[in-house]
Amino acid sequence: MKAIATSRLAMIAVAAASLGLAACNSPQQEATDKAADAVEAQSDAAADAIDAQADATTGAAEDALENKADAVEKAGEAKSDAMKDAADKQN
């Protein structure tokens, strides 16, 4: 019984600490994080569309489209990460 109470207390402490850290973000940082997530989602959607085009082709054209899709996805992720890093540095 004592072990259960201790583990519950530990879980409550972790939850409280997590909420405290989440509250540290400014409204500007929250907005930037949402914008960064949107950038990444848009690039993922564009990459998926290019992949769908690649599936409809064969050979070198298919390979080129798959490479383009990978590049679009990586570029979106890099831009999103850069936006989040910049927002973190502002705080």
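Worth pointing out:
- Close Cβ contacts (under 9 Å, 6 or more residues apart or on different chains) running from residues in segment 54-68 that are acidic (Asp, Glu) to residues that are assigned to a loop (DSSP other than H, G, I, E, B) comprise Glu62/Ala56.
- Flag if Asp81 is touching a residue at least 12 places away in the same chain (Cβ under 8 Å), under 14 Å from the mean Cα position of the chain (by Cα), surrounded by fewer than 14 Cβ atoms within 10 Å (Cβ to Cβ) and part of a helix (DSSP H, G or I): yes
Every residue, every condition in (1) within 26 Å of Ala78 (Cα to Cα); (2) modelled with pLDDT of 95 or more, yes or no:
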| residue | (1), (2) |
| --- | --- |
| Val14 | no, no |
| Gln29 | yes, no |
| Asp51 | yes, yes |
| Ala54 | yes, yes |
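Yes/no matrix, rows are residues, columns are (1) closer than 30 Å to Ala86 by Cα; (2) part of a helix (DSSP H, G or I):
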residue	(1), (2)
Asn25	yes, no
Gln29	yes, yes
Thr32	yes, yes
Ala35	yes, yes
Glu40	yes, yes
Ala46	yes, yes
Ile50	yes, yes
Ala54	no, yes
Ala61	no, yes
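The values are calculated or read from the model by the stated rules, or taken from the named source; none is laboratory data. Bear in mind the structure is a predicted one, so any value in this text is a computation, not a measurement. Neighbour counts are summed over all protein chains in view; Cβ atoms, including those assigned to glycine, are modelled from backbone coordinates with ideal geometry.
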